[in-house]
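Submitted below is the structure of interest, expressed as structure tokens.
The values are calculated or read from the model by the stated rules, or taken from the named source; none is laboratory data. Since we're looking at a predicted model, the values are computed, not measured. Methodologically, a virtual Cβ is constructed for each residue, glycine included, from the backbone with ideal geometry; neighbour enumeration extends over all protein chains shown. Calculation scope for accessible area: heavy atoms of the full protein, side chains included, ligands and nucleic acids excluded. Shrake-Rupley method; radii C 1.70, N 1.55, O 1.52, S 1.80 Å.
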Amino acid sequence: SKMINDKIVPGYKALHEFMKTDYMAAGRESSGIDAIPNGAAYYKHQIKLYTTTEMTADEIHELGLSEVSRISSEMEKIKEEVGFKGSLKAFFDYVRGRKELMPYSNPQEIIDNFNAIHTKMKPKVDKLFDKQPKTAFEVRRTETFREASASAEYNPGSLDGTRPGIFYTPIPDATKYNVYSDESLFLHEAIPGHHFQISLTQENEDLPKFRKTLWYSAYGEGWALYTESLGSELGLFEDPYQYFGMLGAEMHRAVRLVVDTGLHAKGWSREKAIAYCLENEAESEEGITSEIERYMANPGQALSYKIGQLKIRELRAKAEQALGDKFDIREFHNQVLETGCVPLALLENKINSWIENSNQ
């Protein structure tokens, strides 16, 4: 305790004082990385790093705007389907506060619901995936000591297969837990999202060791977001609110394309980016503010999800069209998954040659 009181606490106090005074006074007024020397070149590098493509900031910004408007119109359809009369923004609040979507009183019921989602889709998973991981899988409640600030997440199994892949979900208060996005969340973080993708890569004996743990977020997050759109094919999203949950998660990734490029290449302020998100998605203001600050701190990372997902969807559509009756969704998924995490350009080359070879 002497060490803590005499060394660590005063150290933190001094750091806090420095950050509050000298550091803040010398800080810049701008929000984007392009305002600093070589900032534009740095952002270009970050786009390539995180999307593994040659796309420009302008192209990504335009793509984001068109995705936001496409997803908005899908959301409007759900709003009409459930008979809600107000604006889309009012519908977000309605869904977040709807008592019927908070049916639980204890954490175990929430875990049981995720397991029920898994059971419900199992028969369909076999129709879409012939190669499935051997690594065990389980759903657990996030540990109490970190639950208050945690988000739902996937923790990979060990390389030797002794530790299972775990889907952790924080449940600080079961009575306030809203289930409207649980199906899409399970698809993304668990099956067939990160659990399939990471476990199959780790179990693949043909890959050298460094590739078993290699991570390109355009591929990894792109795959997880792609699997959310498989919900209907997997027998889920029968409830319009669960489908709306998936659209909400997709919208969250689409607005990122607009605000990340807005901040770092188009002179947007932090406040303009926050306002844009509040206008277009269902997250809370606190949540959006911390998201925007995350994008400011790590330019380009937030672009990876949607760019990857759209590329996988585009390659699937291309294969379906080119192969017609010969198209086998299980084989397509094998092709995408078996090489593990790769830059999108390599994935595209691979799928293109697979289409050519299958057509011969």
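Within the stretch 168-180, track down each residue that is of a type in the set (Gly, Ala, Ser) and open to solvent by 60 Å² or more (accessible area, probe 1.4 Å).
Within the stretch 168-180, no residue meets the criteria.
A follow-up question, please. Got a number for residues in the stretch 123-167 being open to solvent by 80 Å² or more (accessible area, probe 1.4 Å) and aromatic (Phe, Trp, Tyr)?
1
Return only the number of the condition from (1) under 19 Å from Glu153 (Cβ atoms); (2) surrounded by fewer than 23 Cβ atoms within 10 Å (Cβ to Cβ); (3) of a type in the set (Phe, Trp, Tyr) that Tyr241 does not satisfy.
(1) is the only condition that Tyr241 fails.
Hey, another quick one. When you go through (1) open to solvent by 10 Å² or more (accessible area, probe 1.4 Å); (2) outside any helix (DSSP H, G or I); (3) modelled with pLDDT of 95 or more one by one for Glu205, which number turns out not to apply?
(3)
Continuing with this model, one more query. Go through the stretch 221-325 and tell me which helices (runs of 4 or more DSSP H), entirely inside it, have 1 or more residues that are closer than 26 Å to Ser31 by Cα, touching a residue at least 60 places away in the same chain (Cβ under 8 Å) and charged (D, E, K, R).
240-265, 270-280, 304-323
Yes or no, residue by residue, for (1) touching a strand residue (DSSP E or B) at 6+ places or on another chain (Cβ under 7 Å); (2) free of Cβ contacts under 8 Å to residues at least 60 places away in the same chain; (3) of a type in the set (Lys, Arg):
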{"site": "Glu147", "(1), (2), (3)": "no, yes, no"}
{"site": "Thr169", "(1), (2), (3)": "yes, yes, no"}
{"site": "Asn178", "(1), (2), (3)": "no, no, no"}
{"site": "Leu185", "(1), (2), (3)": "no, no, no"}
{"site": "Phe196", "(1), (2), (3)": "no, no, no"}
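Do you know which of the residues in the stretch 110-120 that are surrounded by 14 or more Cβ atoms within 10 Å (Cβ to Cβ), farther than 24 Å from Gln202 by Cα and of a type outside the set (S, T, N, Q) is farthest from the chain's Cα centre (by Cα)?
Lys120
Specify which of the listed residues (Arg330, Arg313, Arg294) is farther than 26 Å from Leu207 by Cα and open to solvent by 60 Å² or more (accessible area, probe 1.4 Å).
On inspection, the qualifying residue turns out to be Arg294.
Identify all residues within the stretch 297-310 that are touching a Ser or Thr at 6+ places or on another chain (Cβ under 7 Å) and either open to solvent by 50 Å² or more (accessible area, probe 1.4 Å) or at positive phi (or both); write none if there are none.
None; the set is empty.
Kindly indicate whether any position in the stretch 93-101 is outside any helix (DSSP H, G or I), without any contact (Cβ under 8 Å) to a residue 24 or more places away in the chain and over 23 Å from the mean Cα position of the chain (by Cα). I'd like the intermediate steps shown before the answer.
Step one: of the stretch 93-101, the residues outside any helix (DSSP H, G or I) are 98.
After this cut, where a residue has to be without any contact (Cβ under 8 Å) to a residue 24 or more places away in the chain as well, the list is none.
Among the residues of the stretch 93-101, not one is outside any helix (DSSP H, G or I), without any contact (Cβ under 8 Å) to a residue 24 or more places away in the chain and over 23 Å from the mean Cα position of the chain (by Cα), which makes the answer no.
Right, next: Name the residues in the stretch 218-238 that are open to solvent by less than 10 Å² (accessible area, probe 1.4 Å) and closer than 15 Å to Thr201 by Cα, would you?
Tyr219, Gly220, Trp223, Ala224
So which residues in the stretch 333-360 are surrounded by fewer than 17 Cβ atoms within 10 Å (Cβ to Cβ), part of a helix (DSSP H, G or I) and either in contact with a Ser or Thr (Cβ under 9 Å, 6 or more places away or on another chain) or of a type in the set (S, T, N, Q) (or both)?
Asn334, Glu338, Ala345, Leu346, Asn349, Lys350, Asn352, Ser353, Asn357, Ser358, Asn359
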